[in-house]
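The values are calculated or read from the model by the stated rules, or taken from the named source; none is laboratory data. This structure is a prediction, so every number in the text was calculated from the model and none was measured. With ideal geometry, Cβ positions are generated from the backbone for all residues, glycine too; neighbour counts draw on all protein chains shown.
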Amino acid sequence: MFDLHLTNPFWLYQEDPTKDLCAHGTVEVTIGDARTTQEATVSAAALELLRSLQDGHDPVVAELQLLPCCGFSMYPTADDQDVLIIGCPEGVDWGVTLAGERVLLTPADGPAVTLPWTTYARAVCNFADEVAAFYAASAEKRPAPDDEAAYAIFWRQWHRLRAAASVRLD
């Protein structure tokens, strides 16, 4: 069993949410019989989870947790195809190992769970869609000049990964 549920999405900068590029909220994640709740930067979480559908996720080498507490800086990579998101060391993380049409999820505090890739992907895509809907219902973002390139790349990568997951799920 794997499930992600977003509740209470919000912007940290209530006085001018057009400048706040990072959505936050509470995420309940269930892996097998273990359930954890974490307040997280859900925009960074959604992108990291979408990445895990193609690349897996190794908590030992990953720059960011799958449910990061913070995602306070974004930088374009050298090829402008990806963004590096920097956050604090807090958050909830688990391993994602891809094995054909199966996925092995390895939480830090519970037994590993193997499930179909489609089960994992549907939960990740539903979560990403919830986060995207929160953005769509909010005021349009106006990134500062230093953040414009990274923010645009963030969304291009998001849409590319989400579309690739949709193709594979169909």
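So here's what we get for this one:
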| quantity | calculated |
| --- | --- |
| When residues of region 134-169 are limited to those that are among the small types (Gly, Ala, Ser) and part of a helix (DSSP H, G or I), the one farthest from Val27 (Cα to Cα) | Ala149 |
| Subset of region 13-43 [assigned to a loop (DSSP other than H, G, I, E, B) and either loosely packed, with under 13 Cβ neighbours inside 10 Å or in contact with a helix residue (DSSP H, G or I) (Cβ under 9 Å, 6 or more places away or on another chain) (or both)] | Tyr13, Gln14, Glu15, Asp16, Leu21, Cys22, Asp33 |
| Hits in region 102-126 (condition: crowded, with 17+ Cβ neighbours inside 10 Å, within 16 Å of Leu50 (Cβ to Cβ) and in contact with an Asp or Glu (Cβ under 9 Å, 6 or more places away or on another chain)) | Trp117, Ala123 |
| Failed item, numbered, when Val131 is tested on (1) in a loop (DSSP other than H, G, I, E, B); (2) at pLDDT 95 or above | (1) |
